[in-house]
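Participant: Structure in C-alpha cells, see below.
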Amino acid sequence: MNYVEATQTPEFLKTQKIFRRLLIIAGLVYGFWWVGVELLLPQSFNPPISRLAIVAICFICWGLSFVYFKVQTNIQKLFAFCTALITMHYYYLFYYNLGDINWVIGAFITVTAVGFGMLSIRAITWYSVLVLVMSGAMLALMPHLTHSVFFPGILTILIQANVGLRSRLGTIKTLADSNERFRLLFNSTFEGVLVHENGIITNVNEALIRMTGFKHNQLIGMSVFELLHPDDRALAKNHMKEIEVAPYEARSIRKDGAIIDIELRAKEFHYQGHTARLANVMDITDRKRAEKNRIAAMAMAENVRSRDEFISIASHELKTPISALKLQTQLIERNIRKNPDQSFSSQQLNDFISLFNRQVNRLTELVETMLNVSHISSGQMTLNMHKVNLTELAKEVISLFSPQFQSKSTVSLEAAENIEVWADQSRIRQVIENLLTNAIKYGDGKPVVIKLQTEGSHAVLTVEDHGLGIAPEFIDRIFDRFERAISARNISGFGLGLYIVKQIVEAHQGTITVKSHLGSGSVFKVVLPLKI
Ligand code: ADP
C-alpha cells in the first residue's frame, strides 16, 4: 500500500473526520466563552479581537482541510497547535485579569478540556510542558498565586489527563491489536472475501483486491453486481435471498475487463443491528481451463477413435466393389485362357457390363460422399438458391430410386401439392435421397412413408420407417461425422449421410430431428423455412 492509498483507508478517513469536528468545536466553544465572560464577569479584561483571531485560525484550518490534502492529512497536528494557541491566549487573559479566582477556575476548565482532546502521548506531554511553563511563569509574575490552589490544581489536572490518556490508549491498543489480528487473518486467506450490505461492498480482503484488480477504496461502496458478468447477475441476485448459499459457479469481470471463472459461496450474518452478507470468492479459472482441456482431449481421442473406425469402414466399403470387380475379371480371364477361341454371347457381355457398372457406380458414390464431407467440413458449401418445388422434387427422387428399392420396401408419398421453398435444389435432393436411402436400408423391408406439408412459414418433410430403430444412446450422435449406431454394424455405410443432411439443412436455416424406438422404426423430421 503506498502513502496515498494508506491515507484513504476508512479508519484514516474516520480519524480525520473526528479531528475536524474537534477543531470546529474547540473554535466555537472558545468563541462562545467570550460571551460567557462578558455576561458573568463584565468587569474582566476580555478583548474580542484576539479571541476572534484564535477562533478564525481554528475555522481556517478546518476549512483548508477540505481543500488541501496536506492539511487534511495533518489535521491532528493542526488541532494540537490550535488548542495550544487557545491555552496560551487563555493565560494571556489570565495574566491581565490578575489571576482572579474565576480565571483560575477557567484555567482548570480550559486545561481539562484541551487535555481530553489529546490523543497521543507525545501531544499530551508537549501540552503538559507548555501548561507547566506558562503556569510557572504566572506564579513568578503573580506571587500571590502561590497561596492559592492554582498550581496544585493545574498539576492534578495534568496528571489526570496523562494517566487518563494512557489508560484510554491502552484500551484502544487492545482493540487495535485484536483488529490487527482479525485483519491479518482476513487478509491471509487465499480466497477472496467480501462483506456487503444490500449489495453494497463494505469490506474486502487483499486476495479479493488481487483477484479483481480494483483498489481497496474503489471496491468499498461498489455494488457487488458490478463485479459480476452481466449474464450471472440475476443468478447472484436470486442466491442473495438465501441465508446460506452452497458453492456455485459464476463469472467475474476484472478491472481490466478480463473475465475470470469464480466459485461463490455466501452467508448472512448480523452485527450491531445490521444484516450483512459474507461472500467467499474463489478464482477457478485454472480449474476450469484444466477441465476444458480434459474435455477437449477426450473429444480429440473420440475423434481419433471415430476416424480410425471410419478408415476401417471406408476400406471395407471400398474393397467390396473392387473385390467383386476383381473376381469377375479373374473369372473372365480364366475362361479366356482355357478357351482362347471362345466368343461371348451378347447376354454374357451385358451381364458383365452391368455388374461392372454397378460396382463402379458404388465406388463413385462412395468417393463422392467422401468428397462431399471434406467440402462441407472445410466450410466450402455454397448454395445456389432458387425457388424449389419440394413436392415435385420428392416425387422425382422416389421415382428415380424405385428400381433400387422395389425389391425391399414400398415407398409412399403423402404431400400437399406444390410446396415451394427457397433453396438449393441439388442439396435438398441430397437430403431427401439420404433420408430415403436410410429408411430403406434400415427399414427392414417395411413400408416407408414420406410426408410433406406446411406449418406456418415452414415446410415440413418427414421420412418414416418401421424398421430397426435407433437406441436412445445413439440418437444424439448419429448426426456427427463417422457415427453409426451399433445396430447398423452389419449394414454397409460410412456414417456420413446424416452428417451431410444436417449440414445442408442448417445451411438453409432449417432443423432436423429424429424420433425413434429400437425395433419399431424411426421418423426423421426436416423443417425448412419457406423463404429465407
Ligand atoms: P450410414 O447409413 O452410412 O451408416 P448415416 O450418417 O446415414 O450413415 O447414418 C448414421 C447412422 O444412423 C447409421 O449408421 C444408422 O445406425 C443410423 N440410422 C440412420 N437412419 C436410420 C434409420 N432410418 N433407422 C435406423 N437407424 C438409422
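The values are calculated or read from the model by the stated rules, or taken from the named source; none is laboratory data. The shown structure was predicted, so the numbers you read here are calculated from the model rather than taken from an experiment. Cβ coordinates were reconstructed from backbone atoms using ideal geometry, including for glycine residues, and neighbour counts include every protein chain displayed. All accessible areas refer to the heavy atoms of the entire protein, side chains included, with ligands and DNA or RNA removed. Shrake-Rupley method; radii C 1.70, N 1.55, O 1.52, S 1.80 Å.
Participant: Could you grab the pairs with beta carbons closer than 8 Å, sequence gap of 6+ or different chains, first residue in the range 438-462 and under 12 Å from LEU530 (Cβ atoms) and at pLDDT 95 or above, second one within 16 Å of the ligand (Cβ to nearest atom) and open to solvent by less than 20 Å² (accessible area, probe 1.4 Å)?
Facilitator: Every condition considered, the pairs that remain are VAL460/VAL526.
Participant: Take the conditions in a loop (DSSP other than H, G, I, E, B), more than 10 Å from the ligand (Cβ to nearest atom) and open to solvent by 40 Å² or more (accessible area, probe 1.4 Å) and apply them to GLN453. Does it pass?
Facilitator: no
Participant: Inside the range 486-509, can you point out the residues that are more than 23 Å from GLU368 (Cβ to Cβ) and assigned to a loop (DSSP other than H, G, I, E, B)? Reasoning before the result, please.
Facilitator: Going residue by residue through the range 486-509, those that are more than 23 Å from GLU368 (Cβ to Cβ) are 486-487, 489-490, 509.
Within the range 486-509, ARG489, ASN490, GLN509 meet the criteria.
Participant: Looking at (1) in contact with a Lys or Arg (Cβ under 9 Å, 6 or more places away or on another chain); (2) open to solvent by 90 Å² or more (accessible area, probe 1.4 Å); (3) aliphatic (A, V, I, L, M), which one does MET298 not meet, given that it meets all the others?
Facilitator: MET298 satisfies every listed condition except (1).
Participant: Do we find that SER522 is at pLDDT 95 or above and either of a type outside the set (A, V, I, L, M) or farther than 16 Å from VAL388 by Cβ (or both) in this structure?
Facilitator: On the way: at pLDDT 95 or above: yes; either of a type outside the set (A, V, I, L, M) or farther than 16 Å from VAL388 by Cβ (or both): yes.
It is true that SER522 is at pLDDT 95 or above and either of a type outside the set (A, V, I, L, M) or farther than 16 Å from VAL388 by Cβ (or both).
Participant: Which one of the conditions (1) within 13 Å of the ligand (Cβ to nearest atom); (2) open to solvent by less than 30 Å² (accessible area, probe 1.4 Å) does LEU461 fail to meet, given that it meets all the rest?
Facilitator: All conditions are met except number (1).
Participant: Select from the range 501-515 the residues that are away from the ligand (no atom under 15 Å from the Cβ) and in contact (Cβ under 8 Å) with a residue 60 or more places away in the chain and list them in ascending order.
Facilitator: The answer is ALA507, HIS508.
Participant: I'd like to know if the range 301-308 contains one or more residues that are loosely packed, with under 11 Cβ neighbours inside 10 Å, modelled with pLDDT under 90 and among the aliphatic types (A, V, I, L, M).
Facilitator: As a first pass, look at the range 301-308 and keep what is loosely packed, with under 11 Cβ neighbours inside 10 Å: 301, 304.
So of that shortlist, the ones also modelled with pLDDT under 90 come out as 301, 304.
Still in the list and also among the aliphatic types (A, V, I, L, M): 301, 304.
So far as the range 301-308 goes, yes, one or more of its residues are loosely packed, with under 11 Cβ neighbours inside 10 Å, modelled with pLDDT under 90 and among the aliphatic types (A, V, I, L, M).
Participant: Another question, if that's okay. Please indicate, with yes or no, whether at least one residue in the range 369-389 is touching a Leu at 6+ places or on another chain (Cβ under 9 Å) and more than 19 Å from LYS502 (Cα to Cα).
Facilitator: Here is the first cut: in the range 369-389, the residues touching a Leu at 6+ places or on another chain (Cβ under 9 Å) are 369-370, 372-373.
Still in the list and also more than 19 Å from LYS502 (Cα to Cα): none.
No, the conditions are met nowhere in the range 369-389.
Participant: Let me ask another. Among the residues that make up the range 410-424, is at least one of them farther than 23 Å from ILE450 by Cβ, modelled with pLDDT of 80 or more and hydrophobic (A, V, I, L, M, F, W, C)?
Facilitator: As a first pass, look at the range 410-424 and keep what is farther than 23 Å from ILE450 by Cβ: none.
Checking the range 410-424: not a single residue is farther than 23 Å from ILE450 by Cβ, modelled with pLDDT of 80 or more and hydrophobic (A, V, I, L, M, F, W, C).
Participant: Starting from the range 10-21, take each residue that is aromatic (Phe, Trp, Tyr) and list its partners that are modelled with pLDDT under 65 and surrounded by fewer than 13 Cβ atoms within 10 Å (Cβ to Cβ), counting only C-beta distances under 8 angstrom and pairs at least six apart or across chains.
Facilitator: What qualifies is PHE12/ALA6.
Participant: What tally of residues in the range 126-135 results from selecting those that are open to solvent by 30 Å² or more (accessible area, probe 1.4 Å), under 23 Å from ILE24 (Cα atoms) and of a type in the set (Val, Ile, Thr)?
Facilitator: 0
Participant: Yes or no: VAL111 within 20 Å of VAL35 (Cα to Cα), hydrophobic (A, V, I, L, M, F, W, C), surrounded by 14 or more Cβ atoms within 10 Å (Cβ to Cβ) and within 60 Å of the chain's Cα centre (by Cα)? So that I can check it myself, show each step before the final result.
Facilitator: Numbers: within 20 Å of VAL35 (Cα to Cα): yes; hydrophobic (A, V, I, L, M, F, W, C): yes; surrounded by 14 or more Cβ atoms within 10 Å (Cβ to Cβ): yes; within 60 Å of the chain's Cα centre (by Cα): yes.
Here the answer is yes, as VAL111 does meet what is asked.
Participant: Which one of LEU518, LEU498 is near the ligand (Cβ under 8 Å from one of its atoms), at negative phi and open to solvent by 10 Å² or more (accessible area, probe 1.4 Å)?
Facilitator: On the way: LEU518 fails: near the ligand (Cβ under 8 Å from one of its atoms).
Residue meeting the stated conditions: LEU498.
Participant: Can you tell me which residues in the range 394-420 are farther than 15 Å from VAL463 by Cβ and in a helix (DSSP H, G or I)?
Facilitator: Matches in the range 394-420: GLU396, SER399, LEU400, SER402, PRO403, GLN404.
Participant: Kindly indicate the residue of the range 153-190 that is more than 17 Å from GLY117 (Cβ to Cβ) and of a type in the set (D, E, K, R) and also surrounded by the most Cβ atoms within 10 Å (Cβ to Cβ) among those meeting that condition.
Facilitator: ARG183
Participant: Can you run down the residue pairs with Cβ atoms below 6 Å, 6 or more apart or on separate chains, where the first is in the range 363-375 and open to solvent by 80 Å² or more (accessible area, probe 1.4 Å) and the partner is part of a helix (DSSP H, G or I) and not basic (Lys, Arg)?
Facilitator: none
Participant: Still on this structure, I have one more. Among the numbered conditions (1) touching a residue at least 24 places away in the same chain (Cβ under 8 Å); (2) open to solvent by 70 Å² or more (accessible area, probe 1.4 Å), tell me where MET118 comes up short.
Facilitator: (2)
Participant: Condition first: among the charged types (D, E, K, R) and in a loop (DSSP other than H, G, I, E, B). Can you find one or more residues in the range 152-170 that meet it? Outline the logic, then answer.
Facilitator: Keep residues of the range 152-170 that are among the charged types (D, E, K, R), which gives 166, 168.
Filter once more, so that each one left must be in a loop (DSSP other than H, G, I, E, B): none.
Scanning the range 152-170 turns up no residue that is among the charged types (D, E, K, R) and in a loop (DSSP other than H, G, I, E, B).
Participant: Which residue pairs have Cβ atoms closer than 8 Å, lie 6 or more positions apart in sequence or on different chains, and pair a first residue in the range 269-281 that is among the β-branched types (Val, Ile, Thr) with a second residue that is surrounded by fewer than 19 Cβ atoms within 10 Å (Cβ to Cβ)?
Facilitator: What qualifies is THR275/GLU197; THR275/GLU268; THR275/PHE269; VAL281/GLU191; VAL281/VAL193; VAL281/GLU263.
Participant: Residues of the range 136-149 being open to solvent by less than 40 Å² (accessible area, probe 1.4 Å) and either farther than 20 Å from ALA84 by Cβ or without any contact (Cβ under 8 Å) to a residue 24 or more places away in the chain (or both), which ones? Walk me through how you get there before you give the answer.
Facilitator: Initially, the range 136-149 is screened for residues open to solvent by less than 40 Å² (accessible area, probe 1.4 Å), giving 136, 138-139, 142, 145.
Those that are open to solvent by less than 40 Å² (accessible area, probe 1.4 Å) and either farther than 20 Å from ALA84 by Cβ or without any contact (Cβ under 8 Å) to a residue 24 or more places away in the chain (or both): GLY136, LEU139, MET142, LEU145.
Participant: Being more than 9 Å from the ligand (Cβ to nearest atom) and out of contact with any His (no Cβ under 7 Å at 6 or more places or on another chain) narrows it down to one residue among LYS531, LYS441, LYS446; which is it? Lay out the reasoning, then the answer.
Facilitator: Details: LYS441 fails: more than 9 Å from the ligand (Cβ to nearest atom); LYS446 fails: out of contact with any His (no Cβ under 7 Å at 6 or more places or on another chain).
From the options LYS531, LYS441, LYS446, the qualifying one is LYS531.
Participant: Tell me whether the range 421-437 contains one or more residues that are buried (at least 20 other Cβ atoms within 10 Å of the Cβ), more than 16 Å from the ligand (Cβ to nearest atom), part of a loop (DSSP other than H, G, I, E, B) and touching a residue at least 40 places away in the same chain (Cβ under 8 Å).
Facilitator: Within the range 421-437 (the criterion being buried (at least 20 other Cβ atoms within 10 Å of the Cβ), more than 16 Å from the ligand (Cβ to nearest atom), part of a loop (DSSP other than H, G, I, E, B) and touching a residue at least 40 places away in the same chain (Cβ under 8 Å)), the answer is no, since none of the residues qualifies.
Participant: Considering only residues that are more than 7 Å from the ligand (Cβ to nearest atom) and touching a residue at least 60 places away in the same chain (Cβ under 8 Å), look in the range 465-495 and name the one that is surrounded by the most Cβ atoms within 10 Å (Cβ to Cβ).
Facilitator: Step by step, filter the range 465-495, then rank; the result is PHE482.
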